[in-house]
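The values are calculated or read from the model by the stated rules, or taken from the named source; none is laboratory data. Here the structure is a predicted model, which is why all the values come from computation and not from measurement. Here the Cβ is made from the backbone with ideal geometry for all residues, glycine too, and neighbour counts use every protein chain on show. The accessibility values were calculated without ligands, DNA or RNA, using every heavy atom of the protein model including side chains. Shrake-Rupley method; radii C 1.70, N 1.55, O 1.52, S 1.80 Å.
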Amino acid sequence: MTGTIAKYEFLFTIKRPGYLILTFGLPVILGMYAGFISLISVATAGAMASGLSAQIGVVDKTGLIEAAEQAAEEAEATRRATEEAAATIGADPKSGKLKSQLDALEAMVREVIPDAQRYDSLKAGRVALEAGEIDGLVLVPEDYLQKRTLDYYTRTWQMFKGLSAPQQVRRQLYVGVLERAELTAEERAMIESRGKGEGLTETAYYELGLDGKFLKVDTLSRTVSFVLPAAVAGILIVALLINAGFLLAGVAEEKENKVFEVLFSMVRVDHLLMGKVLGLSAAALLQLLIWGAMILPLPFLTFLVIDQVVDFEWHATSLLLAALFFILGFLFYGSLFVGIGALGNNVKESQQYSTIIALLPVVPMVAFMSLLNSPNGIVARVLAWFPPTSAPAMMLRLATREVPLWDAAVAALLLIVGIWISVKIAARMLLVGGMMRGQSPNPLKMLRLLLNR
Amino acid sequence: MQIAFDGVSKSFGSGARRVVAVNDVSFEAAGGTVFGILGPNGAGKTTMIRMLLDVFRPDSGRIHTDGVVNGNRELSFRQRVAYLPEERGLYQKRKISDVIHYIGALRGMDRDLIRTRMMPLLERFDLVDSLKKKVSTLSKGMSQKLQIILSVIHDPDMLIFDEPFSGLDPVNVRLVRELVREHRDRGKLVCLSTHMMAEVEALCDRVMMIDHGRRVLYGALDEVRRANTDFQASVNKDCDPTGLPCVVRVVKDVDLNHVYLKDGATINDLMRELAAAKRPVRRLVEGMRPIEDIFISVAGSAADGDATPPTKQADAVERSL
Ligand SMILES: Nc1ncnc2c1ncn2[C@@H]1O[C@H](COP(=O)(O)OP(=O)(O)O)[C@@H](O)[C@H]1O
Ligand SMILES: [Mg+2]
């Protein structure tokens, strides 16, 4: 008997369209996401590389870089000579000691190859920076050998962008220092052991202020104000998942209780759903606020500490915009969840469909680096203007403070249109699906019915 | 309130699975009447009602409300209508007063107005004590009452009840009947769909019968019944008028004898002859078949042949209107 029941239940379940669609559709959709993400990664790789190796300029007041370059030239000459000598005596340059010698010389040459624009004075370099000819300017001050501090000037400091520039200069300096400075053998060994100039040099960062003057950047505080939006975007995702339950249950309640048809006769379905999205999202946001308030001492203390220690920079416009996108994103994903609620046969099926949506806001998080490095690049714009990824993408972009206001306005507008369209579609699905008496609604059937009311 | 369908059709699905749910149906109904939409299950009644409420849109044809084409798409129309759907439910987990206030608010009423309308209805339907309870704690009959109250809380101009009697207990059947008559008497239009014929005779002023989506009968209830009846009078069962001069034939039915009269003879002639012959008359009524019989013969004959040619009786009614 149990066997019969098991067999019947099994066959009944696997023949359900919803089951089939989930079983085969979910992997396809996840695959599409993976493709989307790889696409972003590929597109991002370029931007990232260009971000990391921004065009930089160098002002060297010590002559150390020149020394390094001379040393490199000498090394290159030595390398060639060695190769030629090896060729004449018939030694294999690809083997043994000879090879490692050649490799070391080559590595040194590669490191010192100057791809930086050279400027004679800080003033000339700054002019070029302001004019956008270069993205960063490294100043090696006269007192470098005493203070071992480099100055790095940018238009706007960013956490990842152009970090390699001072690093590159540091390596050159390292070579130069070894070449030029009168060092004891011990000192030389000590410097070499710290490797590639790390720890030898500090970098002081400057950025162009609003008043056109270069100001020193408090990197710690800036890092915090950089990471915070990412954290908030993360909270958005978690909050969404919580709200999803509410919304699905909200639609399921009316479906199960057969209240929809009466409601349809009183209000327009899209108004009904929009009301649901707004009401339930407001409830979920309130919940977030209350949870925030309940652990208030914690963030408050953290804030105080951060404020004391790192002089956290509040940027009012970005913050307001981030809040706006948080709410809009919440509503948008909410409207998608309502649509899913209208689509699913039962709560379990709806929940499965909803994973598809819950993954959407994760996509921009994958492009994290790219969004921060080139906040106005193609990838960033596409992700921010495409409603399904808009909210988290915008929150990350806003962290850079480089997003023009009109750009944010376009993203917000598109997101609002996205909410509207999504509610319209959900309404249509609900209307058709709700009236389908006994037939199990599934996405294909829906699609057909959506076209004729 | 006045409504009219003008050649309205609606089909579902496509290809081999296409179902024509409503096929070129026209009718009119105005305030102060109870308009019955009759037909067997699957005839297209619910689809017609849903089109009236703009849940579905017709494939072709027009719907007028108060003479306005597509007037049923306006919010103002919805606000004037009460709808009790065939499949009806309530929010199970909410409190009754909350549900009433929510529905009232959706109907555009403020809290005071809701309260003043709600109390007499609740008292009449004996629900006052349950106000603070959850809907899920109500018995089936009680929740039916609540649904009925909710449908008319905004004092609508038109009641649309889809199969209102199915699943109702006798007490609630009576309540619905009272509610319907009361609204009719106050000049409202009541449209009800049903496949229960006894209710039609008890309630409806005008009827439209549809079968396979087509209109097969339409008109004032008595007219329809008269036109579909070929005998002229009925008498009580133990009274047999056979052999009287004006009588052609007598057909025995379950509780009545149906009498066919000679051409030109009237009920008055029959009455006189019955009295003269001292037959035990306790009941003498105009010949009118019960709507149920008409329904069965019309629906049956429509189903027998092609659905297209209307039956002879139906034709007769159409002409008589
Ligand atoms: N949403 C729908 N999708 C597909 N077919 C439908 C739908 N609604 C009704 N039908 C079909 O239309 C016909 C009429 O249905 P309906 O109007 O519900 O009849 P009634 O209310 O008179 O019982 C039936 O054959 C039914 O299967
Ligand atoms: Mg029906």
Which helices, counted as full DSSP H runs in chain B, have an axial Cα extent of no less than 24 Å and a Kyte-Doolittle average of 1.6 or above?
none
Looking only at other chains, what is the average number of their beta-carbon atoms within 10 angstrom of each beta-carbon in A:253-260?
5
Can you give the local net charge around residue B:242? Use residues other than it whose beta-carbon is closer than 11 angstrom to its beta-carbon, Lys and Arg +1, Asp and Glu -1.
+2
I need the peptides A:128-135, B:185-192, B:44-51, A:385-392 ranked by packing, meaning the mean over residues of other C-beta atoms within 10 angstrom, with the highest value on top.
B:44-51, A:385-392, B:185-192, A:128-135
Which shape class, rounded, prolate or oblate, goes with region B:21-60 when its Cα gyration tensor gives a ≥ b ≥ c as root eigenvalues, a/c under 1.5 marks rounded, and past that a/b bigger than b/c marks prolate?
oblate
Which links in B:45/B:145; A:258/B:10; B:45/B:237 stretch past 30 Å when you go from one Cα to the other?
B:45/B:237
Net charge near residue B:222: determine it from the other residues with C-beta under 12 Å of the C-beta of residue B:222, scoring Lys and Arg +1 and Asp and Glu -1.
0
Prolate/oblate/rounded call for region A:234-279, Cα gyration tensor, a/c under 1.5 rounded
oblate
Going by average Cβ density within 10 Å per residue, which order do the peptides A:248-259, A:360-371, B:207-218, A:405-416 take, highest to lowest?
B:207-218, A:360-371, A:248-259, A:405-416
Lys and Arg at +1, Asp and Glu at -1: neighbours of residue A:248 with Cβ under 15 Å from its Cβ sum to -1
Euclidean distance between Cα centres, region A:400-429 to region B:201-228, Å:
54 Å
If the limit is 29 Å between Cα atoms, which of A:255/A:424; A:348/A:424; A:276/B:132 go over it?
none
Calculate the dipole size of region B:102-244 relative to its Cα centre from +1 charges on Lys and Arg beta carbons and -1 charges on Asp and Glu beta carbons; express the result in debye to the nearest 20.
660 debye
Taking N as its residue count, the alpha carbon Rg of chain B over 2.2 N^0.38 Å
1.16
Asked for the total accessible area buried by A and B (1.4 Å probe, Å², nearest 100), one would answer 2200 Å²
Kindly sort B:116, A:317 by accessible area of their heavy atoms, largest first, with the probe set to 1.4 Å.
B:116, A:317
Hey, got the average number of other protein chain Cβ atoms within 10 angstrom for residues in A:263-271?
6
If you take each beta carbon of peptide B:50-60 and count the beta carbons of other chains within 10 angstrom, what is the mean?
3
Carbon and sulfur: what percent of chain B's accessible surface (1.4 Å probe)?
50 percent
